[in-house]
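First the structure, in the form of structure tokens, and then the observations on it.
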Amino acid sequence: MVGKQPGLNLPASCLQTLHMRNWSSLLTAMRLLNTILVYRRLIFIILTPLLLLPLPLIIQTKEAECAYTLFVIAIFWITEALPLPITALLPGLMFPLFGIMPSKDVASAYFKDFHLLLIGVICLATSIEKWNLHKRIALRMVMMVGVNPAWLTLGFMISTAFLSMWLSNTSTAAMVMPIVEAVAQQIISAEAEIEATQMTNFSGPTNHGLEIDGIKFQYSHKDDSCSEKNDLKEKDTPVSGYSNDARKMSGKMESEKNSEGGRYRTRRDHMMCKLMCLSITYSSTIGGLTTITGTSTNLIFAEHFNLRYPECQCINFGSWFLLSFPVAIVLLILTWIWLQWFFLGFNLKEMFKCGKTKTVKEQACANVIKEEYHKLGPMRFQEIVTLILFIIMALLWFSRDPGFVPGWSSLFSQYSGFATDSTVALSIGILFFLIPAKKLTKTAPNGEIIAFDYSPLITWKEFQSFMPWDITILVGGGFALADGCEQSGLSLWIGQQLKPLGSLPTWLIILISSLLVTSLTEVVSNPATITLLLPILAPLAEAIHVNPLYILIPSTLSTSFAFLLPISNPPNAIIFSYGHLKVIDMVKAGLGVNIVGVAVVMLGIFTWMVPMFDLHTYPSWAPEITNHTLP
């Protein structure tokens, strides 16, 4: 009995009970884990403020309480645990509870001059898209540059960038991509026609199945043309009349087809589709850099800057266009060169050939573009009126206060600073609701058709469907957060802590801040990134006694450089959904564009932007930071 080990000869019923208990415990653990996974977002939302709560409890100052609010909002923005607009409403809840700002002051931050500007711009964008003016502009620009693949890509990039100056980047990409997809498939089909013709030269019979001019393409990113290409692939079987060269060529093309999984005839076709897709998303982003209204990050910067430095009066539509337009032009050309080299290589002889007849695929490409343009018909009255209002709005923006000559705002010198870019946008925007677009008719009891009312260029429902209310609330939350940082003294405290950075060269500080912003914006939405960093970067510039524009302009421009991932911005997600790209393709190509973008911004900030804003001098409109002990 001494050497006997207990538990070795347990009855079968006990072993069964033990196994059942272990299995029950495992099931309970799995259910618990599944519950945690299901409600992980809720758990994260609850735990985040609780884990950060020691900050205001231990350091009982207004700066710590504002920092606590800032950290909670920043984490929720980065992780998107809550919808971005809902997170943006948290200052309205937390600032009054901490005694940082009264509720009425926080609420007033959620509607600023920026929102009036946005309303006017959305009125214009709604009318442009409703009457297909954007499509006409895009197709016309592409027809002007020619149908050579390299120049065709540049034409799409120029038209996309131009549209993105006035429309949102997302709507521009969504509008242009179906046209690009149809053109790309037309080029592939034209090459299939050439291959089929070459094959019939050896085999004898002619394949009448491919009618290039008769092919109709729908605006879809599905494999609409796959069945045609697969049928062609099955029919291209070698016959005894082939030469050795023909056999080698056929075998090479067949292996390339197999390598692409049957969707593309050759690897070059696949590369061309990748090139065209990425050119659209990148050019939509680059075009948005050019105007204050081109992207929400520019609008957020302009409003934040003008609120923080009201005496500056140097950031308006005209000045922003002059500083950013060269950046956009250089970046657009370099991006085109980079993408062309990365995917297809550069054949200068082919690109710059003159006086030669078009190839079959170039002619087919030109045909589909012309066909789509002719479908639009002649310009209608509504398009003409929209175009005229568009031109008037742009001219009024440029001429309000151009800087080198007195603008029309000087006519109201007794009310200096009262009229802004939002005044122009709102004035033109209201006209879209007033100008008649067409008559509304009804049939009378006697059968006669009579007019009883008219429909304006846009209606309120159409405007509402285009208005980005989420961005409106998000920007308002950013303004409220910035006001809270100022009222609590957190901005001043941050500036004091960042003063040691003044020992670094200015160019290095700008480069670090630009790279930091560019990296962060890949995983955080652009508006959230700029809203989060502006209250930090502005005090940094003041603390090291550098013109705030020296740091804020490069950082604002770099915020738009979200080129690496499908989730980085909506245009990336749109082109990724067409199925031509893998994530690694976007990362490789986007990394080059990111580097080029930061380099171009650095070039601009040390060359043509310096005399525009006297960047080497600390301005009188910026506050003087003095050393003192904070409470």
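Where a number appears in this text, it was derived from the coordinates with a stated rule and is not lab data. In this text the structure is predicted, and so the values were computed from the model without any measurement. Glycine also receives a Cβ, built like all others from the backbone with ideal geometry; neighbour counts cover every protein chain displayed.
Extension gain, Ile388-Ile430: 0.36 nm per intervening residue step, less the Cα-Cα distance, totals 13.7 nm. Annotation: amide H-H contacts under 5 Å for Leu89 (H modelled 1.01 Å from N, sequence separation of 5 or more, or interchain): none. Going from the residue with the fewest nearby Cβ atoms within 10 Å to the one with the most, Val593, Val145, Val583 rank Val583, Val145, Val593. Checking the Cα-Cα distances for Lys135/Lys461; Lys274/Lys582; Lys130/Lys438; Lys274/Lys588; Lys375/Lys439; Lys130/Lys375 against a 18 Å cut-off, the pairs over it are Lys135/Lys461; Lys375/Lys439. Placing unit charges on each Cβ (+1 for Lys and Arg, -1 for Asp and Glu) gives region 24-108 a dipole about its Cα centre, and among Leu32, Pro83, Phe95 the Cα reaching farthest toward its positive end belongs to Leu32. Each residue of region 329-336 is assigned a 3J(HN,Hα), and the resulting list reads 5, 4, 5, 5, 5, 5, 5, 4 Hz, derived from the Karplus form 6.51 cos²θ - 1.76 cosθ + 1.60 (θ = phi - 60°), x at Gly and Pro. The stretch between Phe71 and Thr607, if pulled fully straight at 0.36 nm per residue, gains 189.3 nm over its current Cα-Cα span. With R₀ fixed at 45 Å, the C-beta to C-beta distance from Thr35 to Phe111 puts the FRET efficiency at about 0.65. Most tightly packed first, judged by the mean number of other beta-carbon atoms within 10 Å of their residues, the peptides 268-281, 104-117 read 268-281, 104-117. Taking amide H positions as modeled 1.01 Å from N, with prolines and chain starts lacking one, the residues under 5 Å from Ala437 and 5 or more places away or on another chain are Ser455, Leu457. Applying 1/(1 + (r/R0)^6) with r as the Cβ-Cβ distance of Phe452 and Thr28 and R0 = 51 angstrom yields a FRET efficiency of 0.15. Taking a sphere under 14 Å around the Cβ of Asp483 and counting the other residues whose Cβ falls inside, with K and R at +1 and D and E at -1, yields a net charge of +1.
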